[in-house]
Amino acid sequence: MKLHALTTGTVTVKRSFLFPGNGPRRQLNLFLPDAWSDPLPIHCWAIEHDGVLRLIDTGETASARNVPFARMGLTREQELPAAMASAGLRPSDVCEVVLTHTHGDHIDGTVHLRTRVLSNEAELHYLATAMPSVTRRVLRQPLPPRFAPEPLVLDSGPFGAFPRSKALSDDGRIVAVDTPGHTPGHISVICVDDEDRHVMLAGDTTDSLEQLHALRADAVAPHPKVHIATMKTILAHCAQHPTIYLPSHDPDSAARLADATTVSQNGAHHMAHASA
Ligand SMILES: [Zn+2]
C-alpha cells in the first residue's frame, strides 16, 4: 500500500476559527475582525493498493471565493491535476473518490475527475437541508458543477473504537469510519498500512493533533457535543492501535505520514521507525 499526501494550495483562517469562543460568540466571532493564522495546507490523499487508485477528498480550486473567516491561497497550477502529477499520478487513473465531507475545499477538485464519487449518505441528507444551502448561498460557495456523489452506507459494523464503518477495499484494509461533528455526516478513512499501523485520513475532524488532544469543538460544528464525542472515540482508537492521525489542514500531517509518527496515549506523540 502506498499513501500520498497531496496539497492543493493553502487556506488562512481567523484565530476565532481555530480557537472558538463559547456560546453565541462561537460563530459570531467568525464574522468579526480578528488575527489570521499562517497559511495551512489543503490536503487530499491518494491511496495505491492492490492495483486500485483511490482519492480521499479532492482539494480546492482557484475559483473558490474567500469567506469572512477563511482566505484561499491557490492558483490553477496548484489544483488536483498538478498535485497528483507531483506524486507521479494522473486523474484519469483514479478508480474511486471518497469524500470526508462536503465542504468546498474537499469537493471542488471533483471537477477534474470523471470517476465515481462516494459520500456518506448522512452527509448527503444534511447537504439537502435548508441550513447548508443557505450557507452556500450567503457565502457564495456553490457546489461544483455535476456534483452528484453516490451514497455510502456505513453498514460493515464496528471498526476498532468506531461503532459504524464501511470497508472500501475488498481486503478490508481501507475502511471508512463514522466521525460526525464538523459536519453531521463527516467520515474519516483508515488505511491499515504494510506495517499494520492505522493511517487515519481524518478530513476536518480537527484542524490539528493539538485540537484533538484538547477536545476542543470547532466553530462550525452544528452540535459541539457530537464533535467532542467523536474526538474521544478517535483518541480511544489511537489508544487501542498505533494510529497516524492526519487532518487535512494540519501543517504537520505530511511529516507525520512521511515519518510514520503515531499518536500515543499520553498526549504527546512518538516517532516510529519508517520502513523503506
Ligand atoms: Zn470542512
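Does LEU53 meet the test of being touching a Cys at 6+ places or on another chain (Cβ under 6 Å) and either within 22 Å of CYS191 (Cα to Cα) or among the aromatic types (Phe, Trp, Tyr) (or both)?
yes
Of the residues PRO145, PRO149, PRO222, only one is surrounded by fewer than 18 Cβ atoms within 10 Å (Cβ to Cβ), farther than 30 Å from ARG25 by Cα and of a type outside the set (Gly, Ala, Ser); which?
None of the other options fit; the residue is PRO145.
With a cut-off of at least 1 residues that are closer than 24 Å to GLY185 by Cα and more than 14 Å from the ligand (Cβ to nearest atom), name the strands (runs of 3 or more DSSP E) lying wholly within region 68-158.
Numbers: elements: 70-73, 96-99, 116-120, 150-152.
Once the strands (runs of 3 or more DSSP E) in region 68-158 are filtered for at least 1 residues that are closer than 24 Å to GLY185 by Cα and more than 14 Å from the ligand (Cβ to nearest atom), what remains is 96-99, 116-120, 150-152.
Inside region 201-250, can you point out the residues that are assigned to a strand (DSSP E or B), within 16 Å of the ligand (Cβ to nearest atom) and of a type in the set (A, V, I, L, M)?
LEU201, ALA202, LEU246, listed by residue number.
Any residue in region 173-196 that's within 19 Å of ALA128 (Cβ to Cβ) and within 16 Å of the ligand (Cβ to nearest atom): show its pairings with residues that are part of a strand (DSSP E or B) and open to solvent by 10 Å² or more (accessible area, probe 1.4 Å) at Cβ separation under 7 Å, as long as the two are six or more apart or on different chains.
Note: pairs meeting the criteria are ILE187/ASP178.
Can you report the number of residues in region 105-125 which are open to solvent by 20 Å² or more (accessible area, probe 1.4 Å) and either under 15 Å from ASP178 (Cβ atoms) or under 13 Å from the mean Cα position of the chain (by Cα) (or both)?
Residues in region 105-125 being open to solvent by 20 Å² or more (accessible area, probe 1.4 Å) and either under 15 Å from ASP178 (Cβ atoms) or under 13 Å from the mean Cα position of the chain (by Cα) (or both): 5 in total.
Is it fair to say GLN240 is open to solvent by 10 Å² or more (accessible area, probe 1.4 Å), at negative phi and among the polar types (S, T, N, Q)?
Taking the combined requirement at face value, the residue satisfies it.
Would you confirm, using the coordinates I've provided, whether ALA176 is buried (at least 24 other Cβ atoms within 10 Å of the Cβ) and either over 14 Å from the mean Cα position of the chain (by Cα) or of a type in the set (A, V, I, L, M, F, W, C) (or both)?
The answer is yes for ALA176.
With of a type in the set (A, V, I, L, M, F, W, C) and either touching a residue at least 24 places away in the same chain (Cβ under 8 Å) or open to solvent by less than 20 Å² (accessible area, probe 1.4 Å) (or both) as the only criterion, which of ALA85, ALA70 stands out?
Result of the check over ALA85, ALA70: ALA70.
The values are calculated or read from the model by the stated rules, or taken from the named source; none is laboratory data. This structure is a prediction, so every number in the text was calculated from the model and none was measured. Positions of Cβ are generated from backbone atoms using ideal geometry, with glycine treated the same way; all protein chains shown enter the neighbour counts. Surface accessibility is based on the protein's heavy atoms, side chains included, excluding ligands, DNA and RNA. Shrake-Rupley method; radii C 1.70, N 1.55, O 1.52, S 1.80 Å.
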